[in-house]
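Colleague: Sending over a structure as structure tokens; questions will come in a sec.
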Amino acid sequence: MKKKLDVEKMTYAVLAIACFFIFWWFITTFTPAKETTPGPVEVIQLLFTSFFEPIGSHVITGHLLVSLRRVLVGFSVATVLGIVLGVAMGASKWAEAIFKPIFELLRPIPPIAWISLVILFFGIGEVSKYILCGIGAFTNVTLNAYTGAQNVDPELVGCARMLGTSERDIFFRVVLPSCTPQIFAGMQVALSTSWMAVLAAEMVGAQEGCGWMIQRGSDTLNITLVMVGMIVIGCVGMLLAAVMRVIERRLCAWNIMES
Amino acid sequence: MSDEIKVKVSHMTKKFGDLLVLNDISFDVKTGEFLCVVGPTGCGKTTFLNCLTKLKAYELTGGEILINGEPVDLQKHNIAYIFQEYSSFPWATVEENIAYGLKVKKRPPEEIKERVEEMLQLVGLTEYRSYYPGQLSASMLQRVSIARAFAVQPELLLMDEPYGQMDNSLRYKLEDELIQLWQRTGTTVIFITHNIEEAVYLSQRILVLTNKPTSIKKEIDNNLPRPRDVTDPAFNQLRDEVTDLIKWW
């Protein structure tokens with residue numbers, strides 16, 4: 001039964017993508033948009049050739065790996081810091097009193113707004129790009145970890161305490177597992193935000209990466225290259241989200257089965 | 001049941017601001033005894049348990065509670081608490097839930113395995129050992145809580161209306177299971193309920209509480225033979241006696 005459902009879902013997904021490409025082809029063949037916008041065939045052709053012919057200093061996989069490294073480093077560091085701060089704020093009134101006002105003040109500022117300041121302090125090297133990706137992820141993870149830790153069922157904490165669990169162990173045995181699903185939800189959003197941030201970061205003072213590629217396409221009016229960059233980012237983003245879901249299924253099997 | 005005193009409550013008084021909730025309550029619970037506490041809804045039964053366990057950082061306004069002659073210490077005294085709500089850890093399987101208390105108490109792995117196996121059999125959840133709480137029915141969830149509580153072989157088991165949300169047939173079944181477990185383990189049980197029939201069915205002694213400010217209206221010894229029959233005239237007589245004591249209409 002489940003297998004049949006999966007096949008059905010897959011069929012719909014393939015059909016939806018096929019429809020998108022047909023629509024794109026139609027617009028770029030039969031409407032005035034054909035003058036300015038490349039069609040799917042051109043874009044896919046360039047995508048394939050870019051695996052062998054370098055764009056700037058790298059072929060497309062090189063640019064992709066550079067961006068991926070920036071995203072993953074920034075995202076990983078931000079996730080660890082976000083979980084620590086979020087759970088601390090949710091579980092301790094003192095931590096909440098100290099850190100929440102600063103966090104609330106900085107939270108609405110988008111990563112792009114930090115570009116100038118980060119470059120001023122850390123230069124145009126790799127560190128500033130990691131930091132910008134990290135800023136994007138940090139807010140989402142912290143906020144979700146904070147909400148998760150705040151909503152831990154007090155009865156479960158009471159139950160653990162009654163069974164002799166020490167206060168330190170309650171944190172690791174009850175609070176942390178309780179907020180794991182919410183932390184994962186935050187990480188999913190954080191990953192997308194990190195991608196957005198890396199593109200912005202690579203558009204300023206970079207010589208490689210997907211963001212640089214799009215910027216170069218834009219500067220040289222090569223819209224096909226811009227679209228290749230967009231498709232690559234879309235595909236990798238989708239792949240990373242799928243990987244996250246697999247990890248979530250492993251770590252939060254109970255939550256998925258419940259829902 | 002021995003004559004040794006397990007829990008000694010002396011002049012227990014609890015105020016929330018100016019509101020007097022528990023008013024000078026004193027009673028003893030003997031080792032291995034099954035005590036039921038009944039009273040009108042909202043009379044402070046749960047507050048009493050919270051004072052006993054300090055779960056919600058409740059400090060007594062007056063009086064004291066001693067277990068084995070010492071002030072309550074959750075790290076030292078082996079106490080288990082079964083809540084009205086199902087309080088299984090949702091991220092742990094049935095067997096992980098049952099093993100939780102044993103792991104916290106750092107019992108050897110062989111003992112944990114053995115105890116978990118025994119409890120799974122006792123509560124009839126062997127087939128469901130790898131299920132998560134979200135996949136279980138209400139009765140199974142309460143069985144998990146009971147198995148987890150008994151697994152640590154508590155010296156004192158506190159139960160706060162554990163079957164309050166269940167229908168009668170399920171409640172009867174779980175009550176019988178509880179009696180079997182209690183008879184087998186000899187654990188001291190304080191069982192809080194507003195269901196008089198349940199109190200008469202389970203208890204060796206019934207503590208009837210008044211409305212707020214709560215005090216003890218009467219202590220009744222329940223010497224009805226087991227297994228008990230809810231249609232037995234003696235059972236009904238005792239039930240009516242307790243009902244007369246708590247009715248406010």
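The values are calculated or read from the model by the stated rules, or taken from the named source; none is laboratory data. Keep in mind it's a predicted model, so treat the numbers as computed, not measured. All Cβ positions, glycine included, derive from the backbone under ideal geometry; neighbour counts span all protein chains shown. Heads up: the accessible areas ignore ligands, DNA and RNA and are worked out on the full protein's heavy atoms, side chains in. Shrake-Rupley method; radii C 1.70, N 1.55, O 1.52, S 1.80 Å.
Colleague: State, in square angstrom and to the nearest 100, the accessible area buried between chains B and A, both chains counted, probe radius 1.4 Å. Spell out each step's value before the answer.
Modeller: On the way: alone 11870 and 15510 Å², together 25240 Å².
Its buried surface, counting both partners, is about 2100 Å².
Colleague: For region B:118-175, what is the convex hull (Cα atoms) projected area averaged across all directions, in square nanometres?
Modeller: Averaged projected hull area, Cα only: 4.3 nm².
Colleague: Per residue of B:75-84, count partner chain C-beta atoms within 10 Å of its C-beta, then hand back the mean as an integer.
Modeller: 3
Colleague: Tell me which aspartates and glutamates have Cα within less than 15 Å of A:K34's Cα, excluding those fewer than 8 residues away on the same chain?
Modeller: Straight-line reach from A:K34, under 15 Å: A:E42.
Colleague: Still on this structure, please answer the following. Using Stokes-Einstein with the Kirkwood hydrodynamic radius over Cα pairs, what translational diffusion coefficient do you get for the protein assembly as shown at 10 °C and a viscosity of 1.306 mPa s, in µm²/s rounded to a whole number?
Modeller: Using the Kirkwood radius from Cα pairs, D works out to 58 µm²/s.
Colleague: Quick one: if the Förster radius is 22 Å, what FRET efficiency do A:Q188 and A:E8 give, using the C-beta to C-beta distance and rounding to 0.05?
Modeller: Values: r = 25 Å, r/R0 = 1.12.
Efficiency at R0 = 22 Å is approximately 0.35.
Colleague: Next question. Give me the angle, in degrees from 0 to 90, between the Cα long axis of helix A:176-202 and the longest principal axis of the Cα atoms of chain A, rounded to the nearest 10.
Modeller: Relative to chain A, helix A:176-202 is tipped by roughly 30 degrees.
Colleague: While we're looking at this one, here's another question. Counting just the Cα atoms, what span does region B:78-154 cover along each of its three principal axes? Round to the nearest Å and put the largest first.
Modeller: Its Cα atoms span 31, 25, 22 Å along the three principal axes.
Colleague: Now for a separate question. Can you give me the convex hull volume of the Cα atoms of chain B, divided per residue and expressed in Å³?
Modeller: 133 Å³
Colleague: Which whole number gives the average count of other chain Cβ atoms within 10 Å of the Cβ atoms across peptide B:94-107?
Modeller: 2
Colleague: Then there is this: Could you please state, rounded to a whole Å, how far the C-alpha centre of region B:118-171 is from the C-alpha centre of region A:112-136?
Modeller: Rounded to whole Å, the Cα centres lie 54 Å apart.
Colleague: Run a plain Debye calculation on region A:122-259 (Cα atoms as equal point scatterers, no solvent) and give log10 I(q)/I(0) at q = 0.11, 0.12 Å⁻¹, rounded to two decimals, same order as the q list.
Modeller: Evaluating at q = 0.11, 0.12 Å⁻¹ gives log10 I(q)/I(0) of -0.56, -0.63.
Colleague: Once both labels are modelled 7 Å past Cα along the beta-carbon direction, what's the B:L19-A:W94 spacing in nm?
Modeller: Distance between label points: 3.1 nm.
Colleague: Please report, as a whole percent, how much of the solvent-accessible surface of region A:39-258 comes from carbon and sulfur atoms (probe radius 1.4 Å). Please report the intermediate quantities before stating the final value.
Modeller: Working: 7580 of 10840 Å².
That share works out to 70 percent.
Colleague: In peptide A:163-169, how many Cβ atoms from other protein chains are near each Cβ within 10 Å, on average?
Modeller: Details: counts 16, 12, 7, 3, 0, 0, 2.
Mean partner-chain Cβ count within 10 Å for A:163-169: 6.
Colleague: With all pairs of different alpha carbon atoms counted, what Kirkwood hydrodynamic radius in Å does chain A show? Let's see the in-between values first.
Modeller: Values: mean 1/r = 0.0478 Å⁻¹.
About 20.9 Å for chain A.
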